[in-house]
Structure formats: C-alpha cells, structure tokens
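For reference, the structure discussed in these notes is given below.
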C-alpha cells in the first residue's frame, strides 16, 4: 500500500501547473466503453479486435472518486477505447512526440491489449503501468486499446486512472510542458519561497501563441516538431511557447543549487510476502521471477541497486535454484545487492515469544554470515503489524544497528510523531529507527519530493530514501521506472538522484547537518548531544487489532510449538550431558525454521487465504512430530540413568514427573492409564509419593464410559526445579468414590468460587487469604458482538463493535463434572442458533487460580466473542506481558494515541490491581485485551470472511485462568503462574532401569535451579558452533535488577567470568559484572563442562 503523497500547494498555483500539464497530457477516463462479461457471453480478444462489436458498447460511468468501478466476486469487465492522436492539445502541437498510456487498476487480474496484441498483464499488486504506444506519433493515428479486468473476490474492482502523455524525445534540451510542470511542483514543494516566482513565471508565458498554433495546418505542425526533434540547436523562432518554457527554466535556475544540495537515494525493492493472497509455492515462483528481472535490469542499468530481506527465501533458492543463488551471491559481494534481513523472515512481533524473536535473529544472522559473508546491520520490517517494546534490545544484541519500518504510517487515529529517532527498550537499550518511504512505488517525482519535504521537516536532513519497485507479490523496479529515473537525474529542478544501499544511506546520515553518528555506529551512538527524539514504549499500530485473535488455530499451534521446542531443547541438552546422547541439532533447527516461517506476518496473524493455512498446518504438525520425538527420546535417555529403588508394592509401577521450569512447583497430574490398562479393566488405583506415602488421588469423570479418558489425578508436591520426581501407582480393589455435591461452589485453600445456576457465570470469587471479592458483578461474562470490519476484515475489529451487541447466547446447562480432593469441575454449556460453548470451571488442589477450559463449536460469521471480568479493584494502569518483559498502559486514556489503544496485545497475561490486591488473567493462546479502570476483557474468537471465508469456524479447545492475588503482580508471581499454566509437568512412564544415577535420593532430582525470583530461563541448549559448550539465556521479568544465582548438578562451570556473557549470536561480550542483570535485561551465558582431573 503506497501512501498518498500529494503536495499541499496553493490552489491558484496548482491550477496554473495543471493548465501547463494539460498541454500534453490527456485524461481519457471518461472515454471507455464497457462490457460486463457473463458466462453465456464470453469474449476473447480475437473476437473483440476482429469485429466492430465494442464500438456499440455503452460509455462507462465514473463514481465520485472518478473510478470506473464494478462489483466484486471475480466479475469480468472489458473496457475498450480507440485513441486518435489530435493535431494539438490546448493548441500545443503533438505530431512527432512520444505517446505513452498510463493505467492504474484494482483488479485480481488485468490484461491490456493494443491493436490486438497482449502488451501487459498485472494483478492487485502489479497494479499500474506506463506503455509506450508510439515513439513518434502522427496526427490522426489511432490505437485500439482493450483492457480485461477481473474484480477481486472480496472487493469491488476499479479502473482507477487512465491518461495519455505526449513527450518530447529525451535528448531535447527543453522538455514538454507536463515535465516542466512536475519540475515546478518539485521546486514549489521543496522550496516554498519560490512559489510566488513560479506563479508569476507561468502567468507570463505567451499563452496566446498556442491559440495561433491551433490554426496551423497539419503540415505546419509536422514541420514544427520535425525541427524540434532534430539533433541541432533549436532556434528561438521555432515556436514562441516552447522557447518561453526554456526561458522560464533559465529564469528559475538559480534555485537549482538549493535543490541539488539535496539527495534522493534510491534502492530497488520488491516487498514479497512469504504468503498472503497466494499459496506459499507461488512465493518461490514470484521470488525467482523478481530476482531474474533485477539481474537482467542490472545488466542494462549498472547503477541499479537492490535490497531484499528474509533469509528463509534465499535458503529455498540455494537448494532449489542454485545457479540463481550463485548469481545473487556474486552481486552481494560486488555491492549492488544487499541482504537487509536481520531476521529469518518478517514476522509477527507482538504475540510470539521472546525466544522466538531470538531465533529469528540467530538463524537469520548466521545464514547471512555463512552465505553472504556478513551479518545484517538493518532489521528491515516494513510491513509487520506493530512492534513489541523489547525489540531494540533484541536487535542490538543480535548485531543489528538500525530498525526500519513504514507500517505506523497506516495508523487510523494519529500520525506517528517521528521519522528518525532512538527507540529505547525498558532495559535502556537503544536502536536507531527510521520510518521508511512507501513501498510498491514508481519513480514519481511529485511523490518523491513530497516525501522528501516531509522527511526534511521532521528530521532536518536533506538526504532522503526512496524505494522504487512493484511489491507485495514481488516485482521490483521496471525498465520504465529506471528510464524515468535517468531522465530526472538530468533535471536541474530535482535533487541529486542516485542508487545506493540501505547501509550506505544510513551511513550518509552521519554526514548530514544533524549530529547523529559522529565516529560511531548507530547502535553505539547514544549521546546527550543527539538531537534525535527518544521513544520509550512499544510501536503500537493503530490498526489491524483483530490480528491478535483471527485464526485462533494458528495462535494455539504457535504457542504449543514454542513450548514444545523449549522443552525438547532443554531435556535433549540434559540428556546429552547426563546420558551422553547425541544432541539432535539438525532436527531441532529444522523444527525451529518451520515455526519461524509460520510466524510470518500474514500467516500467524491469520490474514491469508485458506491454502496458506493448509500448508501452515502441515508445518505445525511437523514441528509437533519433531519436538515430541526429541522430547520422548530425551526423557527416555534421562530415565535410563535412574536406578529406581524397590517399589512400595510388588504391583506398583513408577511414574516420572518432569518439571520443565526452573523453580519447584506443586501441580495436579493427570496420568493416562491406557498404557498399563489398555482395556480399561481396572477402575481403582493407589498412588504413592516419592517417600512411599499413599496420597489422595481421583479418578477421571465418567470412568465407566469406555470412550471417556482413562486417567487418574493426583497432586505432585514440590516438584524439583528443572528436574523430576518419581511416583508409584498400583491397582486396588478399594473404590475411589467422589462426593456428590449439590451447590455449585468450588473451593480450595486459596479460592472460593460460586457459580450462578441461572447464568453459568461466576457469582462470587473470593481470594481467601484477604477475604477479598474479585468481581463487582457476575464474572466470566461471555459477550457476542457483530463485527463487520470492512475491507481488512481478518485484520481489523470494527471500531464500533460495542454498539452492536448480540443477545443470542442461551444457557443450556450447569452441572458438576468432577468432584474430589484433587480437582473440582463445574461444566457450563451455552448455545446460539448455530454454535455451542462449553466451559469447565476447574479448581485444582494447591492452585491459586481458577482455570476455565473451553470447548467451542463455532459457526458464527463476523461475530466477535469476548469474555468480561468486572473487577472490585480499580487502577489507572493495566500491565500486559510482552516478549521478555511487561508494559503498562493507561486504563483511562486521555490523548488520541491512548484512546486508539482500545484493543491491545498481551503474550500470556494481563493484570489490573493496586498495591494490596489485583486480578491477573492468564492465557495459553489468546492475546487480545481491552480494559477500563475496573474491568478486563479478553477476546476469544473472531470469525472474519476475507481472505479466508472459513476462518475460525470449527471446534476450538483452549484455556485461560483467573488469578486473584494479594499485592502486586510482581509479588504475586503472575509471570510464574502464567508459565505454569502453559507448561504443565510432563508425565513419563519409564522402562526398565539400565543405569545408575548416583543420587542421595533417586526418587527426585533437580538439574538446574535459578534462585532469583525475578529471572526466567528462556533456553538451555548447546552452542551453535560447539556442541560441548552450552547456552543459557535468561531475562529479568519484574523490572528489578539482580545478580544471577544459579545452582546446577550438570557439572557445568558456573563460576561466571567476563567472557561467559554473550550476545544473541553467542559471541562473547565483555561484561564487567557478568552476573549483574539490569531490569528487563536479556542475559545470555556460554558455559563449558567442568574438567574432570581424576
């Protein structure tokens, strides 16, 4: 989407410039005849040009935007016009000039025919062209033009613009009037003080001479322009008006020095979404087509430079088009191509984990270093839908010096205030950040100068970047663009125009008048003398708020895959150290790269066509298969090192409970009995704890139902941090009966929950240690809203959705589903006319939060489902988890920008509270929240109709939890409980012991513990370049500085020294105090095995 860069000139000056343009340009939008093709009346180009049928078609009408529009739904519109060259336009002779036809359309498919020949094709993304109809027209010459357009399936089609331009040959010393009008527009835009002089100069042109030439004979016009087209000097007497244009340029040329003091630096660009309105397979074809086109153009235009992101794409080329990949490598080495990547692809950056962003950077930078000889200095992210606050820290720790985007220019409420600024993370890290010019653009001098003026006004810098090239579906610069660039390079009324690379452009800012980068790289330059503003928050996009919710299956698969790979890596690393297993690096890297690809900013947000999600779902399945296989093999290897003591009973079988988190915890374990009792013959069981004590257990509900889960639940207490406990289970004949309850009340040591039998909502939720009621009225209110969000249906939530509530939710039943000492569950069922919502309120023993487990069969269309929590506590801020940190936002917004944040993202939790009491909402895969000072509302589902008409229809299973707590979210361990909700303990039934682990207590063991309550581990894995060294990454989660305290039994050298600290690329960085971690800082350590001297 190119921005509408229209210069704001005085109306009278604009009118004068338009008068000049009309001398050699012609708007032909009103001259098209049209035919809407029907299945019964199909038309071929041959039929059209072979007959005179089109001459009888009616004229097409224009809408209020001056477009020729027709209905959506792949409707075919034919447009036809016979263009006849007149002797003059407004008296300006045309014979012998070059004739060009410019067209802009909005169509799924476009085919342009001239005199029966197909001369151009296009689509929604290659949506404009400029065709040369003749190098030297003759008066009366005709061109028969037909355009076949197919409307988008989701939106009305349009022929947006059609006009003719008659140009003088480029060697002519004085160009045609419209070119001069554009020159004067550029001058008036960049040097506003020139406007009176320009206006006067146009007024003094000898306009009357044009009326004389209009009466010239046909032969006179030919003689005139034959003379003008010659290579010899043009005598002033040839035509008074043309000579006056030459005089006008000469009189204004004193402004040329000021214009030429500016630079517009171009980089060829083709934004290529890895998937969107086309399948992923089409992306590879578009990339190949684009890259071959660039290479071919560079042969004819050696100054052309080109940039592209996404190492994932180049890895495909390397494996599938090695010859093309080799050519690109040569161009990178030569310097005419740059791989400005930084990340594996251009991902969604609000709802992926911090470790996922690390891997985007790690794999992207390692690939660039290996294949192109250097890492990327720029994070090129023009199109992602907002950016989390920790991104500056992540990027700079990944060797990236500059962040570049343009997406905030799409804001629907406010204009982002900065074009060039320091963006600062909560830990204090800064990155130089710039707003890019629009992508998918032409060499358009007026738009370029308007952008240059805006940039100059915002930054004080006269060097501007421009990115010519078709985009979204690839394309890149065209020959016509480069020819136009060559012509404007020669104009005295245009800034210096040249091609560069993004890195060269960034470095050129060091030589600007603004003190920006003196003798330092952008990432190092943090000086009090900097004139650049500092932005200390996330970069919130005031648009596309539905992307936190749409296609819930993708969000859930992403979170499950992230969590699975975390566990697979951690336990595979422990298995390598303790059981001497080979670490499956190739498999894990392959799984990560699939996951990273699926985090692309039109896949994970849910904004692509159905075929994209079919491919993405195959990818998620591969990640799950690899991750589960690695995890299973790792747990098996670890279990094989354990020598189990004699069982507490001859029939007892061991159960290992693994804790993947780095703190000890209590958790209810649901053990699947199908392995040891596949026929479901045994209903009752006894469970022993690690000390051989019988502990309470509870059968799964509906145990007599053969289709129901064959499970037993028990409470595992104090499971060691990143370790395991051994429990034992045996059959018994003693029935394990559960009590029958009548009142709908759930209660444990932390909470008392009353469910209203009339509504199914929570009538009361009391936090028992403070005896505080959490809800001011009925809680867990399911709310439905009509959500007709317009063109960007999957992306957006309708701003007025609250004005359209739906009252179709009907309570069907409330019933006890499970009772007992371990778990209590009340099941509530609702129905609409087409959907079913089943919610289980689950309260586990020793658990301070209430889990709400959901099964929803969703068949709504353009309906938004939210759940509301009205609170007794109030606050003027709410806190939300972001990748590797947290952010606060106002609950009573005052400014327009604050009010625009009416739906915001969170990773795994959001919280409202004060110093004494608060409520956290924990989520496993739901990310969209809206709040006021005393309510939290979580968005659960959104059923859009475009680009995927079936988005979110089907069955959904997910959980969220309600956590009322004493004191603040930091003191209440909200971060830890959110992790526990997403990462339950892993239950493993070991095989026969084959080795011994020398333990004081082999029934339980901790491999690694973090003693800091504010430090969270995000990975534990072998180093990328050395399998015998190990990477531990942590982040400070509560906003409090600390010194890392680590305990482990893995024989790693944890006497941390200066060289142990690394960046995200696992390269050592000197740190004076290696254990010190700033608030919200990401800290990575590289550790070695202890040397055994025995």
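Some points to look at:
- The residue of segment 647-662 that is surrounded by the most Cβ atoms within 10 Å (Cβ to Cβ), among those that are touching a residue at least 12 places away in the same chain (Cβ under 8 Å) and over 45 Å from the mean Cα position of the chain (by Cα), is 654.
- Among the residues of segment 466-480, just one is touching a strand residue (DSSP E or B) at 6+ places or on another chain (Cβ under 6 Å) and within 19 Å of residue 169 (Cβ to Cβ), namely 480.
Yes or no, residue by residue, for (1) modelled with pLDDT of 95 or more; (2) buried (at least 24 other Cβ atoms within 10 Å of the Cβ); (3) in contact with a helix residue (DSSP H, G or I) (Cβ under 6 Å, 6 or more places away or on another chain):
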| residue | (1), (2), (3) |
| --- | --- |
| 583 | yes, no, yes |
| 617 | yes, no, no |
| 624 | yes, no, no |
| 645 | no, no, no |
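- Enumerated helices (runs of 4 or more DSSP H) restricted to segment 225-309, each holding at least 3 residues that are surrounded by 17 or more Cβ atoms within 10 Å (Cβ to Cβ) and either at pLDDT below 95 or in contact with a helix residue (DSSP H, G or I) (Cβ under 7 Å, 6 or more places away or on another chain) (or both): 240-252, 280-300
- Filtering 696, 678, 709, 735 for residues that are surrounded by fewer than 18 Cβ atoms within 10 Å (Cβ to Cβ), under 27 Å from residue 760 (Cα atoms) and not assigned by TED's automatic domain parsing to the domain that holds residue 773 leaves a single hit, 709.
- Strands (runs of 3 or more DSSP E) wholly inside segment 906-1009 that include at least 1 residues being outside the structural domain of residue 669 (by TED's automatic domain parsing) and over 30 Å from residue 687 (Cα atoms): 909-913, 917-923, 928-932, 935-942, 954-966
- Evaluating residue 1035 against the criteria (1) assigned to a loop (DSSP other than H, G, I, E, B); (2) modelled with pLDDT of 95 or more leaves one unmet condition, (1).
- Annotation: of all residues in segment 387-406 being part of a loop (DSSP other than H, G, I, E, B) and touching a strand residue (DSSP E or B) at 6+ places or on another chain (Cβ under 8 Å), the one that is surrounded by the most Cβ atoms within 10 Å (Cβ to Cβ) is 400.
- Which listed residue is in contact (Cβ under 8 Å) with a residue 40 or more places away in the chain and under 30 Å from residue 737 (Cβ atoms), from 640, 674, 608, 670: 670
- For segment 106-115, a residue qualifies if it is over 27 Å from residue 168 (Cα atoms) and not in a strand (DSSP E or B), and the qualifying residues are 107, 108.
- Scope segment 491-513; condition at pLDDT below 95 and not in a helix (DSSP H, G or I); matching residues: 512, 513
- Of the helices (runs of 4 or more DSSP H) entirely within segment 134-218, those holding at least 1 residues that are in contact with a strand residue (DSSP E or B) (Cβ under 8 Å, 6 or more places away or on another chain) occupy 177-190, 208-213.
- Among the candidates 746, 715, 722, the residue that is under 30 Å from residue 661 (Cβ atoms), in contact with a helix residue (DSSP H, G or I) (Cβ under 9 Å, 6 or more places away or on another chain) and at pLDDT 95 or above is uniquely 722.
- Elements of the type strands (runs of 3 or more DSSP E) sitting completely within segment 840-901 and holding at least 1 residues that are touching a residue at least 60 places away in the same chain (Cβ under 8 Å) and within 22 Å of residue 556 (Cβ to Cβ): these cover 850-858, 863-870, 877-882.
- On inspection, residue 1071 passes the criterion of being part of a loop (DSSP other than H, G, I, E, B), within 29 Å of residue 352 (Cβ to Cβ) and at pLDDT below 95.
- All positions within segment 138-153 that are modelled with pLDDT under 95 and buried (at least 19 other Cβ atoms within 10 Å of the Cβ): 152
- In segment 672-696, the residues that are within 28 Å of residue 563 (Cα to Cα) and either modelled with pLDDT of 95 or more or part of a loop (DSSP other than H, G, I, E, B) (or both): 673, 674, 675, 676, 689, 690
- Out of 836, 806, one residue alone is without any contact (Cβ under 8 Å) to a residue 60 or more places away in the chain and either more than 30 Å from residue 386 (Cβ to Cβ) or assigned by TED's automatic domain parsing to the domain that holds residue 276 (or both). It is 836.
- Answer from 338, 376, 409, 384 - the residue that is in contact with a strand residue (DSSP E or B) (Cβ under 8 Å, 6 or more places away or on another chain), buried (at least 19 other Cβ atoms within 10 Å of the Cβ) and not in a loop (DSSP other than H, G, I, E, B): 338
- For segment 1014-1032, taking the residues that are out of contact with any helix residue (DSSP H, G or I) (no Cβ under 8 Å at 6 or more places or on another chain) and not in a strand (DSSP E or B), the one that is surrounded by the most Cβ atoms within 10 Å (Cβ to Cβ) is identified as 1014.
- Restricting segment 807-837 to residues that are in contact with a strand residue (DSSP E or B) (Cβ under 6 Å, 6 or more places away or on another chain) and assigned to a loop (DSSP other than H, G, I, E, B), the residue that is farthest from residue 747 (Cα to Cα): 835
- Contact map, segment 772-795: residues that are outside the structural domain of residue 962 (by TED's automatic domain parsing) and surrounded by 16 or more Cβ atoms within 10 Å (Cβ to Cβ) paired with residues that are part of a loop (DSSP other than H, G, I, E, B) and at pLDDT 95 or above, Cβ distance under 6 Å, separation 6+ or inter-chain. No pairs are found.
The values are calculated or read from the model by the stated rules, or taken from the named source; none is laboratory data. Owing to the predicted nature of the structure, the values given are computational and were not obtained by experimental measurement. We place every Cβ from the backbone using ideal geometry, glycine too, and count neighbours over all the protein chains shown.
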